[in-house]
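Read-outs throughout are calculated quantities, based only on the coordinates presented, and are distinct from any laboratory measurement. This is a predicted model, so every value here is computed, not measured. Counting neighbours? That spans all protein chains shown, and the Cβs are built from the backbone with ideal geometry, glycine included.
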Amino acid sequence: MKSKKRNPWRAQILGLSFAVIGVCEIFLISDVLSDIFYFDIATSWLDHDVLESVAVVALGVALVAIGYELLNLLREHRESRATVRAASGQLLSVIEAKFDDWVLTPSEREIALLLIKGFSVQEIGTFRATRPGTVKSQSNAIYRKASVSGRSELVAYFVEDLLAGENLVSHSNDSGGRTSGNGP
C-alpha cells in the first residue's frame, strides 16, 4: 500500500525529470549547432561554461531520479509477481483442503475443479467422456457436501476472499460451511 500513497509524488518527480531532460536536450542541441556554425550562445548574465555545467548537473540529477524510480518499479514488479504466484498456489491448496474437508470423491474433485474453472456441464461431460446427466448428478452432490446452492456460490466461496484481500487459509480448516460471515 505504501507505493499507492506515494504515486502522485513519484509521478511529479518523473514528470519534472522528463522536463529537465527536455530542456537540457534543447540546450545541448543548440550548443552543438552553435559550435558547428560558430556562434556564441552565452548570455550577458551567465557564462557558456556555467550553462553547460548546469545542464550536465541537471541531467545527472534527472538520471538519478529516473534510475531510483526504475529500481522501485522493478522491485514492486518482482514483489507483485511473487504475490501472484503465492496466491495462485495458495488458492489451489485451499481448494484441495476444502475438497478434503467436504470428503469429495476423486470424480467429484475433478468435476468441482472444472466447475470452478468455468466449464459447462456439457464440456465437463465431453472432457470426462460421461453423459451430462452424470455430471449434473455429481455436481449436485458437490453442492450438497459444500453447503452451497450452486456453481456461483461454489466459485464465490473461493473467489470472494481473494477479491476482499482476506486470508483464505483461515477458512481452510472449516468443516463444510463458512464461518467468516463474509459470504455463503
Could you let me know the centre-to-centre spacing of region 51-78 and region 86-101, using Cα atoms, in angstrom? 43 Å
Around Gly89 (Cβ within 13 Å, Cβ-to-Cβ, excluding Gly89; K/R +1, D/E -1) the net charge comes to +1
Residue span Phe127 to Glu76: 0.36 nm per residue of separation minus Cα-Cα distance leaves a gain in nm of 14.4 nm
Assertion target for Trp45, Trp102, Trp9, ordered by fewest C-beta neighbours within 10 angstrom first, is Trp45, Trp9, Trp102
